[in-house]
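Asker: There's a structure below that I have some questions on.
FYI, it's all coordinate maths here, none of it is from the lab. Computed from a predicted model, the values in this text were never measured in an experiment. Counting neighbours? That spans all protein chains shown, and the Cβs are built from the backbone with ideal geometry, glycine included.
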């Protein structure tokens, strides 16, 4: 039976699991859950004896207070979904529990926080790294699960975990999409009907992109993709970036048999959507 518990009880329960040599999987969320979150929960349950989910809308990773206010919150529905998935424990801390004082943990993110999301959301990844570190310190999981839709965030959490020398394995889950291809996101529920119908073009344009035509000029491809997206009413591209999948570095040209990731952030009306996909240029083309 799923239990909703506070920090003190959670620490005791985790210690009890440790004494039983149970492996603990952890899925940190900000609530407003969808099937993308649930896919991570299912992965955790398949790979661990115990699965813990946290729900905490972290104020320090929002660079816009209005965005924090508008972030969707569906606590009752979230708990029903997690109970149906067989989650063992849900941790729903308040701000004072996570941030008992004004001290902040700062990590060397090796420049991963500077491009793309970092360029347009100042301080965002400092807040992400800090809150995940704090949650790991409380939950003390063996494995933690994050979705690839927030790919830059995933890389930064891997970096933070390595720098802090935490004994946590960071596991990723593939992007889960709606039937029409739109990446699942808590923010999608804020889209109007008309905006939602237009938003599908983001993934369609990404999917139809042919990188072979831009081997010597990936920056030209970025510009072309942005212009194509911006042709649609309600859509305004914030960035399009092609990066090497592992290093997150921007390539001067595209080499064969190297995995790249096309990353995009687009405003659809007043809602900011992100997406990404990988591609490889075969040596045989």
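Asker: Does a label point 7 Å from the Cα of residue 249, set along Cα-to-beta-carbon, have any residues of segment 80-112 with amide nitrogen under 16 Å, and which are they?
Answerer: 110-112
Asker: Which of 71, 151 comes first, and how do the rest follow, when ranked by fewest Cβ neighbours within 10 Å?
Answerer: 71, 151
Asker: Can you give me the angle between helix 7-19 and the longest principal axis of the chain, using Cα atoms only, in degrees from 0 to 90, rounded to the nearest 10?
Answerer: Between the helix axis and the principal axis of the chain, the angle is about 90 degrees.
Asker: Assuming 0.36 nm per residue, please report the length gained on full extension of the stretch residue 179 to residue 270 beyond their Cα-Cα distance.
Answerer: Between residue 179 and residue 270, full extension yields 30.4 nm more.
Asker: Another question, if that's okay. By how many nm would the segment from residue 120 to residue 192 grow when fully extended, if each residue of separation counts as 0.36 nm and the alpha-carbon distance is taken off?
Answerer: 23.5 nm
Asker: Using Cα atoms only, what is the angle between the long axis of helix 35-47 and the major principal axis of the chain, expressed in degrees (0 to 90) to the nearest 10?
Answerer: 60 degrees
Asker: Could you put 197, 172, 54 in order, starting from the residue whose Cβ has the fewest other Cβ atoms within 10 Å?
Answerer: Final ranking by Cβ density, sparse to dense: 197, 172, 54.
Asker: Let me ask something else. Which ordering of 104, 187 is given by a fewest-first count of other beta-carbon atoms within 10 Å?
Answerer: Result, fewest neighbours first: 104, 187.
Asker: Just 233, 76, 195 to compare: in a GNM of the chain, with alpha carbon springs under 10 Å, which one fluctuates most?
Answerer: Fluctuation is largest for 76.
Asker: To continue, here is another question. Suppose R0 equals 25 Å; then what is the FRET efficiency for residue 102 and residue 11 from their Cβ-Cβ distance, rounded to the nearest 0.05?
Answerer: 0.65
Asker: Using Cα pairs under 8 angstrom and six or more residues apart, how large is the relative contact order of segment 186-280, in percent?
Answerer: 28 percent
Asker: Only Cα pairs under 8 Å and at least 6 apart count here; give the relative contact order of segment 3-173 as a rounded whole percent.
Answerer: 29 percent
Asker: Separate question: Of the listed values [x] 1.04; [y] 1.01; [z] 0.97, grab the one calculated as Rg/Rh (Cα atoms, Kirkwood Rh) from the structure here.
Answerer: Evaluating Rg/Rh (Cα atoms, Kirkwood Rh) on these atoms matches [z].
Asker: Now for a separate question. Using Cα atoms only, what is the angle between the long axis of helix 193-208 and the major principal axis of the chain, expressed in degrees (0 to 90) to the nearest 10?
Answerer: Roughly 70 degrees between the two axes.
Asker: Here is a follow-up. Considering Cα pairs under 8 angstrom that are at least six residues apart, work out the relative contact order of the chain and quote it in whole percent.
Answerer: Relative contact order, the chain: 16 percent.
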